[in-house]
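*Asks:* Once you've had a glance at the structure underneath, I'll fire off some questions.
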Amino acid sequence: PLGIECWPEGRIQQEQMLAALGAGLDPVFRDTPVTPEMVVIPAGSYRRGNANNKFKVNIVCSFAIGKYPVTVADWKYYVENSGVSYVPSDNGWEGDTLPVTNVNWYDAQNYVRWLSAHTGKTYRLLSEAEWEYASRAGTVTEYYWGDEIGHNNCNCQDSGSEWSRRSASPVGSFKPNAFGIYDMLGNVWEWLEDIWHDNYEESPTDGGAWVVGGNPLGRVMRGGSWSSFPQYARCAHRLGSVPSVRNCNFGLRLARTLP
């Protein structure tokens with residue numbers, strides 16, 4: 001094991017508490033009463049990638065991550081207070097606690113820029129290395145609950161949830177990982193900061209986003225969605241997409257830089 005890999009949940013939560021204290025925050029916080037809940041993630045080391053092809057990463061700085069994917073309600077508040085006119089399609093689904101979908105990478109960037117200006121804090125998209133670190137939460141298995149998709153652990157094809165292959169599910173419908181983060185696997189693909197590269201050769205080892213080289217017409221997404229096969233909803237699985245694409249499987253999750 002490297003770094004936090006295979007730590008018991010109690011130790012992970014203790015490290016979260018220490019990181020939050022160092023930043024002058026609660027482990028779970030909001031910057032304003034109407035902005036998304038954020039979870040403090042401690043710095044640490046782990047190995048990312050598939051079981052037969054691991055790459056060591058040292059997350060050098062603690063950061064915060066959205067407790068849930070950005071929701072329909074979060075986006076409505078953004079539209080009402082920013083002057084942005086784009087209202088994503090709801091796909092015929094109803095509910096403010098559903099993850100917002102039909103947003104592309106540029107929409108996501110506009111949202112985090114507005115949220116940063118609105119709060120005076122630095123919001124952004126996660127790096128790919130941060131995303132997998134937060135998703136695994138110390139585990140080394142295919143999913144953060146084990147090596148099999150199991151029953152009702154997330155919302156994707158063959159997961160046994162009531163929403164599988166039908167629609168996105170309300171955020172927080174399944175058990176969180178050891179960091180206390182919900183819906184990291186399944187439900188919606190999440191846009192990340194990184195440019196698409198075919199592999200991790202020469203990738204940053206400090207947890208930062210990889211934004212040089214690669215294919216500038218592609219951006220990385222992670223997590224799988226409500227319509228994905230289980231193998232696409234694993235902690236290690238990667239997807240690249242043209243950043244201008246909007247569809248009913250694509251959403252986002254926030255990151256926030258800590259002091």
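*Asks:* If you roll a 1.4 angstrom probe over the protein chains with everything in place, what fraction of the accessible area of the chain belongs to carbon and sulfur, to the nearest %?
*Replies:* The computed percentage sits at 50.
*Asks:* Okay, moving on. Considering Cα pairs under 8 angstrom that are at least six residues apart, work out the relative contact order of region 145-259 and quote it in whole percent.
*Replies:* Computed over region 145-259, the figure is 27 percent.
*Asks:* Rounded to the nearest 500 deg cm²/dmol, what is the calculated helix-only ellipticity per residue at 222 nm for the chain, with -39500 (n - 2.57) per DSSP H run of length n ≥ 4?
*Replies:* -6000 deg cm²/dmol
*Asks:* Modelled label-to-label distance, residue 257 and residue 122, 7 Å Cα→beta-carbon offset: nm?
*Replies:* 0.2 nm
*Asks:* Could you work out the pair-distance distribution P(r) of the chain from its alpha-carbon pairs, with 10 angstrom bin width and percents rounded to whole numbers?
*Replies:* The distribution over the chain is 7, 33, 39, 19, 1, given as percents.
*Asks:* Also, quick follow-up: Could you list log10 I(q)/I(0) for region 65-129 at q = 0.23 Å⁻¹, which the Debye formula gives when each Cα is one point scatterer?
*Replies:* Each listed q maps to, in turn, -1.10.
*Asks:* Related question: Keeping all protein chains in place, calculate the accessible area per residue for the chain (probe 1.4 angstrom), answer in Å².
*Replies:* Ligands and nucleic acids excluded, the figure is 43 Å² per residue.
*Asks:* As a test of the definition: which semi-axes, in Å, follow for region 1-146 when you take the square root of five times each eigenvalue of its alpha carbon gyration tensor? Largest first, please.
*Replies:* 30, 19, 14
*Asks:* Quick one, what does Rg over Rh come out to for region 180-259 if you take C-alpha atoms and the Kirkwood Rh?
*Replies:* Rounded to two decimals, Rg over Rh is 0.96.
*Asks:* Let me ask something else about it. Using alpha-carbon pairs under 8 Å, 6+ residues apart, how would you state the relative contact order of the chain in percent?
*Replies:* RCO, the chain: 24 percent.
*Asks:* Going down the table (56/76; 76/175; 54/121), which pairs top 29 Å between alpha carbons?
*Replies:* Over 29 Å apart, Cα to Cα: 56/76; 54/121.
The values are calculated or read from the model by the stated rules, or taken from the named source; none is laboratory data. All of these numbers come straight from a predicted model, not from anything done at the bench. A quick note on method: Cβ atoms are made from the backbone with ideal geometry, for glycine too, and the neighbour counts reach across all protein chains shown. SASA here: full protein model, heavy atoms, side chains in, ligands and nucleic acids out. Shrake-Rupley method; radii C 1.70, N 1.55, O 1.52, S 1.80 Å.
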